[in-house]
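Notes follow the structure.
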Amino acid sequence: MATTVHQPPEHVVKGAHVDSLAKYQDMYAQSLKDPEGFWGAFAEQFHWNKKWDSGENFHKYNFDLNKGSINVSWFNGGETNVCYNCLDRHVKEGNGDRPCFFWEGNDVGQESVTTFKQLLDQVCQIANYMKSQGVGKGDDVTIYMPMIPELPATMLACARLGAVFSVVFAGFSAESLAGRISDSSPKMVVTCSAVKRGPKHIELKKIVDEALEILDNEEQVHVPRVLVYDHKASGVSRDAIHASLVEGRDVWWQDVIGDQPTECEVTWVGAEDPLFKLYTSGSTGKPKGVVHSTAGYMCGAAATFKYVFDYKPDDVYWCTADCGWITGHSYVTFGPLLMGAKQILFEGVPTYPDAGRCWEVCDKYNVTLFYTAPTAIRTLMACGDQHVTKHKRTSLRILGTVGEPINPEAWRWYHEVVGNSNVSIVDTWWQTETGAHMITPLPGATPMKPGSATLPFFGVEPAILDDKGSEVQGPGQGYLVIKRPWPSMMRSVAGDHARFEQTYFSHYKGYYFTGDGARRDEDGYYWILGRVDDVINVSGHRIGTAEVESALVGHHLCAEAAVVPVDHPIKGQAIYAFVTLMNGIDYPPDESVRKELVAQVRKAIGPIATPDVIHWAPGLPKTRSGKIMRRVLRKIASREEDQLGDTSTLADPGVVKVLLELRGK
Ligand code: WTA
């Protein structure tokens, strides 16, 4: 089908920050020609304890491993504080009474409003308590909390002190949490009694206890302080948990925070000091701690929030992402607060209590800007239009999507049914590593094509490389890379700069390698094709095949495992695992083995990594040198065995036949 080009609706164009393609092109050219002029002008709106150096020192970098170690810095010489710019600045400007959060709990009717001044007071109290416990500049704090205002408040309290926070999504298992805590040795873990997610109760404190027990016993890592928020709305009472508190280590938030002073001096930090780390999966090894900077990240998150959502002070914004992911960092906590936005903070899930929840909330608060993931869009689409159309949704102006490629059918449904064909859709391509949007339409300027992330954001210079590593000119397809640094890019992998260089800069010298494939069309539009490495994108969440494989072989009956992605109508991709059992076990084994293996993965990583299929594999297709041929496995998994291609290099071509016989067994 030929691609229909959708022009931004007139009401979106009118009054937009960028209201024509020509203006975008101008600003884009300017941003590449004069980075200091472009980013310096944007950064002026923030408070700087010390202004950045102009000229040569403003931005320095080496992007080419051939020339030495990779390093990137922006706003050198500057000193600022992200928390100050998110909160104090707005209060000083007379906006203290403006709401920043409209919290919507998991259950309908659970709600609260927080103003900028209230948030500032609370953040200062948390920061004062942390300080009293010895947390200071450069110290680590791990946060394992649900979507309640105390979660962004804790992130901001750390930022106020210059402490480096690491939020772990409160859906990861105890073992995953333990791995992340052990990697950063935090002075404090901040968590919550429990949470209700949809109809399920999850006792978060218990998971933290298990994680810390693993660390105490196996790694001799001891966390001195665990701060526990008593989340009454979860339905799990304080009394039910109180007995399990570890003396000398665990304290109730409500017992220690309320008495703290509501003023806390800001710790000014250098532009390049780290703000946070966030663990993400890659093709190999353990998840890595992606380290983000202070000033560059701040400006990148704020500028994309302003331009990509065409944010104006009257807007009511809602991003459904959890703060446990980068989207929740940049587009719940930082971008919106930096720009002084009013937003919905949502604890629930889009299908609870029914598939109309999102649109009910949109009507309740007159949401103008809505941001979610393709997997949510497809889930809601499958539930039927009636859940959407029974709500008005007339306030909506811009709808955003992120996390995985959006198929054109889902794009059209989002545009036509949710948006009444009267909105701009922003399909934003970016990554944990990039910190902020990279390729995306601007809602008042960019003609949209369903399924295309369209054109690069200001300051971003993408390129497409062919198999030989040469740049593809004009239309074509290949590996998506970025040619020069942008302010919000990651600076390192926590504790392992060599891994940072190896992962992102060793494949193609002089380029940042994204791990994604992409196509560029005749209009210069980018179409993201998905990961080209061993990362599976399940419902927009990155899962490393190696992590799932290592969880599987952790089971005493599993000898070897190979994991590949398969297409899934709702989740985008699903996890498909080939499992070889220990010698002496007949295939197919008892059904209980499959259940145990699935449980093993959920325990090691979390429910998001649950394999959809376990395919018994007495042998795996390997080359003579012993390398598993995943290409062959992918074809078998997706039932395309007629396209296996050349299997003559397999050490034992017979394994394919056996695998096909065992499919579905
Ligand atoms: C994928 C999420 C197509 C991509 C912000 C990327 C997308 C990975 C899009 C990063 C999009 C994200 N279109 N693919 N609009 N957005 N991706 O680190 O494969 O959780 O490399 O960051 O998600 O996932 P991450």
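Observations on the structure shown:
- Exclusive hit being buried (at least 20 other Cβ atoms within 10 Å of the Cβ) and more than 25 Å from the chain's Cα centre (by Cα), set HIS47, HIS90: HIS90
Okay, residues lined up against (1) among the charged types (D, E, K, R); (2) in contact with a helix residue (DSSP H, G or I) (Cβ under 8 Å, 6 or more places away or on another chain); (3) more than 12 Å from the ligand (Cβ to nearest atom); (4) under 15 Å from TYR24 (Cβ atoms):
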{"position": "ARG397", "(1), (2), (3), (4)": "yes, yes, yes, no"}
{"position": "GLY403", "(1), (2), (3), (4)": "no, yes, no, no"}
{"position": "ASN407", "(1), (2), (3), (4)": "no, yes, no, no"}
{"position": "VAL423", "(1), (2), (3), (4)": "no, yes, yes, no"}
{"position": "GLY435", "(1), (2), (3), (4)": "no, yes, no, no"}
{"position": "ILE464", "(1), (2), (3), (4)": "no, no, yes, no"}
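- Checked against the criterion of being in a loop (DSSP other than H, G, I, E, B) and in contact (Cβ under 8 Å) with a residue 60 or more places away in the chain, the candidates PRO565, PRO588, PRO618 yield just one match: PRO588.
- Check on GLY138, touching a helix residue (DSSP H, G or I) at 6+ places or on another chain (Cβ under 7 Å) and surrounded by fewer than 20 Cβ atoms within 10 Å (Cβ to Cβ): no
- One residue stands out among those in segment 192-249 that are in a helix (DSSP H, G or I) and among the polar types (S, T, N, Q): the one that is surrounded by the fewest Cβ atoms within 10 Å (Cβ to Cβ), which is ASN217.
- Annotation for segment 51-70: no member residue is open to solvent by less than 30 Å² (accessible area, probe 1.4 Å) and closer than 17 Å to VAL266 by Cβ.
- Candidates are the residues of segment 519-560 that are small (Gly, Ala, Ser) and more than 19 Å from the chain's Cα centre (by Cα); the one that is farthest from the ligand (Cβ to nearest atom) is ALA559.
- The selection criterion, being open to solvent by 20 Å² or more (accessible area, probe 1.4 Å) and at pLDDT below 95, holds for ASP183.
The values are calculated or read from the model by the stated rules, or taken from the named source; none is laboratory data. Fair warning: this is a prediction, and the values are worked out from it, not measured in the lab. Methodologically, a virtual Cβ is constructed for each residue, glycine included, from the backbone with ideal geometry; neighbour enumeration extends over all protein chains shown. The area values use the complete protein model at the heavy-atom level, side chains included, leaving out ligands, DNA and RNA. Shrake-Rupley method; radii C 1.70, N 1.55, O 1.52, S 1.80 Å.
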